[in-house]
Structures are given as structure tokens and as C-alpha cells.
Amino acid sequence: MIKNYFLITCFLFLSSTVGAQQWYQYFDGADTSSFTAILIQIDTTGGNVWQIGPPQKQIFDSAASVPNVLVTDTINSYPANDSSSFSFATYPWMSWGIFALQWKQKLDLDSAQDVGVIEYSPDGITWTSVFDNPFVYNFYGFDTVNVDTVASGVVGFTGTDSTWSDIWLCFQMSWLQQFNDSIRFRYTIYSDSTDNQSEGWMIDNMMMHITIVHTAKGEQKEEYMKVFPSVTTGIVNIETVALQEYHIIETMQLVDVNGKVVKEWKNVPTRFWIDISDQPNGSYFLKVTTNKQTNTFPVILQR
């Protein structure tokens, strides 16, 4: 068993004139400078099962890049009534572009019972899940059958995925800039009282990127801003064009037909969604102000 608490990461910066550069950490030793290293903290309270080493299980039988992985015990199944975590921090330093975390993973969790959750925190105290979260710029690479709401009500990774999946978790740098100190990420496995001898969660090849080009190209937009659908049962999507400069929604107000502001959001990404299903049916106006311009859109809530 290897207790290696350091993850070597670095940043990817793409420009229109310079080709892509990438820095990797495969949990196989420090092969970059100390300047690129950040500390992974494995929570040792309550017998944390996260370990770094060569996996020796039936499904988790080898690393994506041998020999080592980060895994919920290199040999044994994860226990019942467990909540094991590891976390790390990064420091936003650009005012625009996209910040992305990338990693490979395998899963073997009791479906709809046990779950793997990823959260972020600007202060290390208040944690927010990345699942079903409008502040997450993009989150993809997994099979949708492996994300579910488990019996405890928590949304996260569950079930079995025995092949290596490439996962991307992206945030808008302009939005991250409000956390001018750091942003911390935490990965936690939660299990119920039944032990089915499942193997857990295995992670390898973690990377950090800061890029001006999103990893998944979206549809080219002619208009500056788009709000849809105009008639909704609750969810309203807001999208603006991607700009290679600081770009954020500073304020957004839902206004009823009497001119009353009934909901308000501040400092959110320029690709966002809101849920207005807690309001009465009827006609509204959504006033969206970015650091570039203000636009107002009619919205009808009809359930």
C-alpha cells in the first residue's frame, strides 16, 4: 500500500497561435517541478479507505497507466456505513477561459444505494455538489446510467462501470474569479449499512486545464444571448456567446407583470439555468445583465 499524498498537476493553456500543452499525474511519482504540485488531502477521520497504489481486485485489476491509481482500498472492498473523502485546492488566476478537471475512472458501487459525490467549496466549509448544478459549465464523459439519486436522496455516481471512462468537469473562469483565494474540490464515497463486497471507486490520470477553447464545441450563435424555452414548466436556460475576455452575468432578475422582482441571481456563469417552478403560473420577464449589456426576455410559466 502506498500513501502518497501528493498529486502533481499543472495547467493547460491554449491560444490561437500556440499548440496545446498538457501536464499529467498518473499517481506514479513526482515527475514535474514543485511549482506544479498541489497537495491532495485524504481525510483520515473514521478510517478513510482512499489509498494510492496498484489495484488488486477483480474489476479494479490494473491502473490506466501502471502501476498506481487512487482507489477506495487497493485490495479490499469498501465497507458499509462509510464516508471516505479526499480533496485538493486550485487557485484561479485567469479572468476568462474555461477551467477543467479531467480524470479516468471505474465504478463498482451498489446501484441506487451507494454513491460517489464530487463537491466544490470556496472556503473549505460550505460544500456544493457538482451534479445537477447550473454553476457547472459542463460535466460529461460518463454513462448516464451511472448517475442517479440513491435511496438517501443524494445524487452522484452509482452502479458499475468496468471500463475506463474519461470524465470532464468544467467551470467558467470569469465566474471562478470571485473566489480570489482558492477553490477546493472534494470526492466522497458514501455507503449504506449493507455490505455487498463491491469494489468502490477508482481514479487515475487526473489533470487540470485552463483553456480558451471548450473541450466540447457548442453551436455557433449569431445572437449575443439566448433564453429558452419561452414557455416552461420550471427550467429556463440562459446562454450567451463565448468571449475571449472576462464575461459574466452580473445580475439576473425575474420580474412579474406588476414589475415586482420575485427572484434574483448575482454573479453567475454566462451559460446557466434557473428553476422558477416555485412561482405561480403566469407571465414574467427575465432581465439579464452581463458586464457587456442588458437584455430582457418574456417567460411564461405553465405547469
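The values are calculated or read from the model by the stated rules, or taken from the named source; none is laboratory data. Since the structure is predicted, the reported quantities are computational estimates derived from the model, not experimental observations. Here the Cβ is made from the backbone with ideal geometry for all residues, glycine too, and neighbour counts use every protein chain on show. Areas reflect the complete protein model, heavy atoms only, side chains present, ligands, DNA and RNA absent. Shrake-Rupley method; radii C 1.70, N 1.55, O 1.52, S 1.80 Å.
The combined condition, being touching a strand residue (DSSP E or B) at 6+ places or on another chain (Cβ under 6 Å), open to solvent by less than 30 Å² (accessible area, probe 1.4 Å) and not small (Gly, Ala, Ser), is fulfilled by Phe157. On the given criteria, is Glu239 open to solvent by 60 Å² or more (accessible area, probe 1.4 Å), of a type outside the set (A, V, I, L, M) and assigned to a strand (DSSP E or B)? It is false that Glu239 is open to solvent by 60 Å² or more (accessible area, probe 1.4 Å), of a type outside the set (A, V, I, L, M) and assigned to a strand (DSSP E or B).
Taking the conditions exactly as written (part of a strand (DSSP E or B), farther than 27 Å from Trp168 by Cβ and modelled with pLDDT of 95 or more), does Lys263 satisfy them or not? Answer is yes for this residue. Annotation: of all residues in the stretch 54-82 being touching a Pro at 6+ places or on another chain (Cβ under 8 Å) and modelled with pLDDT under 95, the one that is least open to solvent (accessible area, probe 1.4 Å) is Val69.
Across the stretch 262-283, the qualifying residues are those that are of a type outside the set (Gly, Ala, Ser), over 15 Å from Phe297 (Cβ atoms) and touching a Lys or Arg at 6+ places or on another chain (Cβ under 9 Å), and the one among them that is least open to solvent (accessible area, probe 1.4 Å) is Gln279. Just one of the listed residues (Gly282, Gly259) is touching a residue at least 24 places away in the same chain (Cβ under 8 Å), over 20 Å from Asn133 (Cβ atoms) and of a type in the set (Gly, Ala, Ser), and it is Gly282.
Considering only residues in the stretch 169-197 that are in a loop (DSSP other than H, G, I, E, B) and not polar (S, T, N, Q), the one that is surrounded by the fewest Cβ atoms within 10 Å (Cβ to Cβ) turns out to be Asp181.
Is it true that Ser277 is closer than 24 Å to Asn138 by Cβ and either over 29 Å from the mean Cα position of the chain (by Cα) or not in a strand (DSSP E or B) (or both)? So Ser277 fits the description; yes.
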